[in-house]
Amino acid sequence: MNDSQHCPACGALNQCSLADARSATQACWCYGVTIDPAVLQALPAELRDKACLCPRCAAVEDQLVGTGSPANKPAPL
C-alpha cells in the first residue's frame, strides 16, 4: 500500500489526522509522542517521508495509552 492513509511498513491504516480531509484541522497523534529514530531508519529509503507509520509500527502505543487519542485504539484491517 502506498498512500498517505496507510502505514508504509505494514499497510494498516496509520490513523493520521492530517491525511484524512475530515480531520485535517486536528493535530495528529504523532505530535504527542517520541518516535525512536532507529524505527524510521529501519524503513527502506523509498518508503520514508511518504506516509506516517501506524502507532504499532512506530512503537509508540504505550505512549498513547490514556491520551484519548483515536490512535490508541486498534485500527480496523
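The values are calculated or read from the model by the stated rules, or taken from the named source; none is laboratory data. Because the structure is predicted, anything quoted here is derived from the model rather than measured. Counting neighbours? That spans all protein chains shown, and the Cβs are built from the backbone with ideal geometry, glycine included.
A few notes on this one:
- For the range 14-36, filtering for residues that are buried (at least 17 other Cβ atoms within 10 Å of the Cβ) and under 18 Å from Glu61 (Cβ atoms) leaves 8.
- Restricting attention to the range 54-73 and to residues that are modelled with pLDDT of 70 or more and in contact with a Pro (Cβ under 7 Å, 6 or more places away or on another chain), the residue that is farthest from Ala12 (Cα to Cα) turns out to be Leu64.
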